[in-house]
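J.: My questions will all concern the structure given below.
The values are calculated or read from the model by the stated rules, or taken from the named source; none is laboratory data. Note that the structure is predicted; figures quoted are calculated from it, not measured. Here the Cβ is made from the backbone with ideal geometry for all residues, glycine too, and neighbour counts use every protein chain on show. To get the accessible areas, we keep the full protein, side chains included, count just its heavy atoms, and leave off ligands, DNA and RNA. Shrake-Rupley method; radii C 1.70, N 1.55, O 1.52, S 1.80 Å.
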Amino acid sequence: MARKSDRQAATEIDYGHDASVLVIGLGRFGASLAATLDGLGRDVLAVERDPELIRAWSGRMPLVEADASNPDALEQLGARDFPIAVVGVGTSLEASVLITGNLVDIGTPLIWAKAISAEHGRILQRIGAHHVVYPEHDAGARVAHLVSGRMLDFIELEDEFTIVKMRPPKETHGFTVGEADIKRKYGVTVIGVKEPGKPFEYATADTRIDAGDALILSGDTVLLEKFAARP
């Protein structure tokens, strides 16, 4: 049986909800991520070298002004104490690579890094990033699905498996989930039916679908697109 590499094993460690997170870069992505983590009560430290961004976010989250592309700066701010690090720097390929490499060198157990292109992402993975994210690409793809039909929300997970929120096609209005027989006809699963002003509830065969409702469905992306395109 093949033995897992240290990097593969690191990605499977469960650090729990109390693990400290180091967020490097306070652009739109990094700032939003750091602020959200701080709001959730996570132990987070944001690192930024731009004095203007430091002033903009001062007092709103724990942060420090430093150049994380300098390994000495990382040591001084205690980067080794953080089991999770997120590299939010994306516009400067050189800085992104240097920072990620520095985190690899000090042995950061779990590194997430932002990439702005497939080539950028491959470089980050090769030097040791455990997870690479493409926020601009993902946001663009998501919005494309939303503007092309009756979808209200679109979350693509993996292997073409997607969860969507959408307005119900006319053919389902006034019928229960069982009567509409959506799973058999279209190959997608109704998770819930959200009535306006009411909390979400999981759907059963007896759940009624009305025109003003929102359907929560899961399934293959292509099949969901076809179902959402129905009048």
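J.: Search the structure for amide H atoms under 5 Å from the amide H of Ala113, placed 1.01 Å from N in the peptide plane, and list their residues when 5 or more places away or on another chain.
T.: Residues meeting the criterion, in which the H sits 1.01 Å from N, are Val87, His131, Val132, Val133.
J.: Using only Cα atoms, locate the centre of the stretch 84-125 and the centre of the stretch 188-231, then give the distance between them in Å, rounded to an integer.
T.: Value for the Cα centre distance between the two parts: 39 Å.
J.: Which percent of the accessible heavy-atom area of the stretch 151-231 goes to carbon and sulfur, probe 1.4 angstrom?
T.: 54
J.: Here's something else I'd like to know. Give me the net charge of Lys198's neighbourhood, meaning all other residues with Cβ under 12 Å from the Cβ of Lys198; Lys, Arg count +1, Asp, Glu -1. Display every interim value, and only then the final one.
T.: Details: positive: Lys194; negative: Glu195, Glu201, Asp210, Asp213.
Taking every Cβ under 12 Å from that of Lys198, the sum is -3.
J.: How large is the translational diffusion coefficient of the chain in µm² per second when you combine the Kirkwood radius over alpha carbon pairs with Stokes-Einstein at 20 °C and 1.002 mPa s?
T.: 106
J.: How much net charge surrounds Gly219 when only other residues with a Cβ under 11 Å from its Cβ are counted (Lys, Arg +1; Asp, Glu -1)?
T.: -1
J.: For Ala19 and Ala139, compute 0.36 nm times the residue count separating them, minus their Cα-Cα distance, and round to one decimal in nm.
T.: 40.5 nm
J.: Can you give the net charge of the other residues whose Cβ lies under 14 Å from the Cβ of Arg142, counting K and R as +1 and D and E as -1?
T.: Summing Lys/Arg as +1 and Asp/Glu as -1 gives -4.
J.: Let me ask something additional. Determine the gain in length on full extension of the stretch Ile155-Ile191; use 0.36 nm per residue of separation and subtract their C-alpha separation, reporting nm with one decimal.
T.: Using 0.36 nm per residue and subtracting the Cα-Cα distance, I get 11.6 nm.
J.: If exposed chymotrypsin sites (Phe, Trp or Tyr not before Pro) are those in a DSSP loop with at most 16 other Cβ within 10 Å, what is the longest stretch of the chain that has none?
T.: Result for the longest clean stretch: 16-174.
J.: Mind giving me the FRET efficiency for Asp67 and Arg28? R0 is 22 Å, r the Cβ-Cβ distance, nearest 0.05 is fine.
T.: 0.65
J.: Please state, rounded to one decimal and in Å, the Kirkwood hydrodynamic radius that the stretch 85-213 gives when every pair of distinct Cα atoms enters the mean of 1/r. Walk me through the intermediate numbers first.
T.: Numbers: mean 1/r = 0.0563 Å⁻¹.
Roughly 17.8 Å, rounded to one decimal.
J.: Excluding same-chain residues fewer than 8 positions from Lys183, which lysines have a Cα within less than 25 Å of its Cα?
T.: The reachable lysines, counting only those whose Cα sits under 25 Å from Lys183, are Lys165, Lys170, Lys194, Lys198, Lys226.
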